[in-house]
Amino acid sequence: MASVCNSSSTTTTLKTPFISSNTSLGSTPKPSQLFLHGKRNKTFKVSCKVSNSGDQNQNIETNSVDRRNVLLGLGGLYGVANAIPLAASATPIPSPDLKTCGRATISDGPLVPYTCCPPPMPTNFDTIPYYKFPSMTKLRIRPPAHAVDEEYIAKYNLAISRMKDLDKTEPLNPLGFKQQANIHCAYCNGAYIIGGKELQVHNSWLFFPFHRWYLYFYERILGKLIDDPTFALPYWNWDHPKGMRLPPMFDREGTSIYDERRNQQVRNGTVMDLGSFGDKVQTTQLQLMSNNLTLMYRQMVTNAPCPLLFFGAPYVLGNNVEAPGTIENIPHIPVHIWAGTVRGSTFPNGDTSYGEDMGNFYSAGLDPVFYCHHGNVDRMWNEWKAIGGKRRDLSEKDWLNSEFFFYDENKKPYRVKVRDCLDAKKMGYDYAPMPTPWRNFKPKTKASVGKVNTTTLPPVNKVFPLTKMDKAISFSINRPASSRTQQEKNEQEEMLTFDNIKYDNRGYIRFDVFLNVDNNVNANELDKAEFAGSYTSLPHVHRVGENDHTATVTFQLAITELLEDIGLEDEETIAVTLVPKKGGEGISIENVEIKLLDC
């Protein structure tokens, strides 16, 4: 197992001119890895077909979070990619040809009322040059959104206002607000066809580099529109207690960065849930903040000791495996769910929502908070590498040489490579520092004393196959090896494997996994060492004509560190408990086993 960095963060005072001087910043002094692979429909997937042209209550306000005063908890989806070997014939993903771009259809709904394809069409796509970074004299410093001052807010609103004005005067201008939003729609909803398959930058190792490049050009465009080359996008600091709300500047009605289609339940300082699965968690704000910090620890430290676990599965021509990295699954997706309009909502004009704007990939870019959210997602890339150990950028050439296509702030088309976006400072920007209190939020307390009597529980082969998970269920399971040496643990992870999980992917799904407890466990207290992780899924959408809404996945949780923490390293048989939280009556599981696998 990879070693865990226990260095604490220190309080940092921000001195950039757009940060309010009275803002106080906090400081605070290997559960499981999950592998997700197999047949799985794309999260927020919007299907496309080629068409003719179309229109386009209490706060944590102290400077530290004392573990003795908070309850830790709420796990979430630890979806990461297995270290799947690349196919010998695989090649990097090339930049897409705009001629393949098509129209999107929302599942169970109407056609998207515009095409995602970004105009204008280059006359000769093959001659589009590769981007070279312009000279710079000063880094653009991205500020935490909750801490910016009024001067910055005014400047940001002006930039977005001018971008939106282009929609009215030049609707096909690639710098316009809607056209910039369409970039995400095109890359994330199957509009492009490469190698005979739809291009999807989510659920794979393309996720981080694509969004980094996307924000890079978006930021430069905003600066160009207000004639300020130093302008930097804000980042939504949801990994710190002071940022665990919708940033106040986005909650001002009538401003350019306010979105009327945003989930109204997230307004007025509501504390967010980084593990959101569609339902509000019934707990205190203090508990929720602590849940978030624990979740951040697991996703950044425990569940991502290796590059492919953090970035996601390889995605190359000839070998496309949809399996997202830790941060892409949580908190990236839950923040989309939390901020986006709930599916089935009705707007004042009578329109019915299909998950707008943050609530669906095709429309996410229409909410300015999207770019603020992804600023912090991008920041996590830097923070993850800073933890150390095996946490470094991928070295596979198929990743480094993958390409994307964008227009710059002067409306010139460029191709870009992943290898050129690994160092944010070389790209001309950095993040204003904030403490990372989640580094030390590892659950330490136990829900049980000693070992659960596994002889009182049915063995795994008497429980599975399971046709539905309509209630909590416990079972005993044998381990392939016990009393392993540290070297053996370093070489292989002990993986709790759920084979062939099936469910209707049009609804929300979540179930939690515990070790060494029975089905009487208090499933709302996830601040216990026995909590192994969760499986969560969002409603998916489908290609036109698809009638099969069944998702089939294999779900794995690394339990080596958990067994150490709860004192079961020498046991040959352990107890496992599954607790459904959402949609359990529609979940079936073929089998559960424990395997030893390379990290």
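The values are calculated or read from the model by the stated rules, or taken from the named source; none is laboratory data. Computed from a predicted structure; not experimentally measured. Cβ coordinates were reconstructed from backbone atoms using ideal geometry, including for glycine residues, and neighbour counts include every protein chain displayed. Ligands, DNA and RNA are excluded from the accessible area calculation, which covers all protein heavy atoms including side chains. Shrake-Rupley method; radii C 1.70, N 1.55, O 1.52, S 1.80 Å.
Filter the stretch 288-315 for residues that are among the aromatic types (F, W, Y) and not in a helix (DSSP H, G or I) and give the result. Give the steps one after another, and end with the answer.
So in the stretch 288-315, the residues among the aromatic types (F, W, Y) come out as 297, 310-311, 315.
Y315, the sole residue that qualifies.
When you check F125 against the structure, is it at pLDDT below 95, over 30 Å from Q299 (Cα atoms) and open to solvent by less than 40 Å² (accessible area, probe 1.4 Å), yes or no? First the steps, then the outcome.
On the way: at pLDDT below 95: yes; over 30 Å from Q299 (Cα atoms): yes; open to solvent by less than 40 Å² (accessible area, probe 1.4 Å): yes.
Yes; evaluated as a whole, the condition is true for this residue.
Taking interchain pairs and intrachain pairs at least six residues apart, which have beta carbon atoms under 8 angstrom, with the first residue in the stretch 480-509 and in a helix (DSSP H, G or I) and the second open to solvent by 70 Å² or more (accessible area, probe 1.4 Å)?
From residues that are in a helix (DSSP H, G or I), the pairs are E491/D598.
Restricting to the stretch 397-412, and then to whatever is more than 21 Å from Q179 (Cβ to Cβ) and either in contact with a helix residue (DSSP H, G or I) (Cβ under 9 Å, 6 or more places away or on another chain) or of a type outside the set (D, E) (or both), can you tell me which residue is surrounded by the most Cβ atoms within 10 Å (Cβ to Cβ)? Steps first, answer last, please.
Filtering the stretch 397-412 for residues more than 21 Å from Q179 (Cβ to Cβ) gives 397-402.
Next, from what is left, pick out any that are either in contact with a helix residue (DSSP H, G or I) (Cβ under 9 Å, 6 or more places away or on another chain) or of a type outside the set (D, E) (or both): 397, 399-402.
Values: K397: 13, W399: 24, L400: 16, N401: 15, S402: 26.
Once the filter is applied, the top-ranked residue is S402.
Among the numbered criteria (1) out of contact with any strand residue (DSSP E or B) (no Cβ under 9 Å at 6 or more places or on another chain); (2) assigned to a strand (DSSP E or B), which one does I141 miss?
All conditions are met except number (1).
Can you tell me which residue within the stretch 272-303, out of those that are among the hydrophobic types (A, V, I, L, M, F, W, C) and open to solvent by 10 Å² or more (accessible area, probe 1.4 Å), is nearest to the chain's Cα centre (by Cα)? Give the derivation first.
Restricting attention to the stretch 272-303, the residues satisfying the condition of being among the hydrophobic types (A, V, I, L, M, F, W, C) are 272, 274, 277, 281, 286, 288-289, 293, 295-296, 300-301.
If we keep only those that are open to solvent by 10 Å² or more (accessible area, probe 1.4 Å) as well, we get 277, 281, 286, 288.
Details: F277: 13, V281: 19, L286: 23, L288: 18 Å.
Ranking the qualifying residues of the stretch 272-303, first place goes to F277.
Quick check: is even one residue across the stretch 409-423 of a type in the set (A, V, I, L, M, F, W, C) and in a loop (DSSP other than H, G, I, E, B)? Walk me through how you get there before you give the answer.
First, pick out the residues of the stretch 409-423 that are of a type in the set (A, V, I, L, M, F, W, C): 416, 418, 421-422.
Going one step further and asking which of them are in a loop (DSSP other than H, G, I, E, B), we end up with 422.
Yes: one or more hits.
Identify, please: which residue in the stretch 449-499 is within 22 Å of G567 (Cα to Cα) and among the charged types (D, E, K, R) and is, among those, modelled with the lowest pLDDT?
E493
Which of the residues spanning the stretch 354-383 are assigned to a loop (DSSP other than H, G, I, E, B) and crowded, with 24+ Cβ neighbours inside 10 Å?
Looking only at the stretch 354-383, we keep the residues that are assigned to a loop (DSSP other than H, G, I, E, B), and these are 354-363, 367-368.
Correct list: G355, E356, D357, M358, G359, N360, F361, Y362, S363, D367, P368.
Within the stretch 175-219, track down each residue that is assigned to a strand (DSSP E or B) and within 16 Å of the chain's Cα centre (by Cα).
So in the stretch 175-219, the residues assigned to a strand (DSSP E or B) come out as 193-194, 197-198.
Listed by number, the list is empty, since nothing qualifies.
Return yes when N547 is surrounded by fewer than 24 Cβ atoms within 10 Å (Cβ to Cβ), modelled with pLDDT under 75, over 14 Å from F498 (Cβ atoms) and of a type outside the set (D, E) and no when it is not.
On the way: surrounded by fewer than 24 Cβ atoms within 10 Å (Cβ to Cβ): yes; modelled with pLDDT under 75: yes; over 14 Å from F498 (Cβ atoms): yes; of a type outside the set (D, E): yes.
Considered against the rule, which asks whether it is surrounded by fewer than 24 Cβ atoms within 10 Å (Cβ to Cβ), modelled with pLDDT under 75, over 14 Å from F498 (Cβ atoms) and of a type outside the set (D, E), N547 comes out as yes.
Modelled with pLDDT under 95, open to solvent by less than 20 Å² (accessible area, probe 1.4 Å) and hydrophobic (A, V, I, L, M, F, W, C) - does that describe any residue in the stretch 249-269?
The answer is yes, given that some residue of the stretch 249-269 is modelled with pLDDT under 95, open to solvent by less than 20 Å² (accessible area, probe 1.4 Å) and hydrophobic (A, V, I, L, M, F, W, C).
Just the residues that are in a loop (DSSP other than H, G, I, E, B), more than 23 Å from the chain's Cα centre (by Cα) and not polar (S, T, N, Q), please, taken from the stretch 221-264. Break it down into steps so the answer makes sense when it comes.
So in the stretch 221-264, the residues in a loop (DSSP other than H, G, I, E, B) come out as 226-234, 236-240, 244, 246-247, 252-263.
Adding the requirement that they be more than 23 Å from the chain's Cα centre (by Cα) leaves 226-231, 252-256, 260.
If the condition is that a residue be in a loop (DSSP other than H, G, I, E, B), more than 23 Å from the chain's Cα centre (by Cα) and not polar (S, T, N, Q), then I226, D227, D228, P229, F231, R252, E253, G254, E260 are the ones that fit.
Across the stretch 128-138, which residue is modelled with the lowest pLDDT among those that are over 15 Å from C421 (Cα atoms) and open to solvent by less than 90 Å² (accessible area, probe 1.4 Å)? Working first, answer last.
Of the stretch 128-138, the ones over 15 Å from C421 (Cα atoms) are 128-129, 135-138.
If we keep only those that are open to solvent by less than 90 Å² (accessible area, probe 1.4 Å) as well, we get 128-129.
Numbers: I128: 91, P129: 95.
Step by step, filter the stretch 128-138, then rank; the result is I128.
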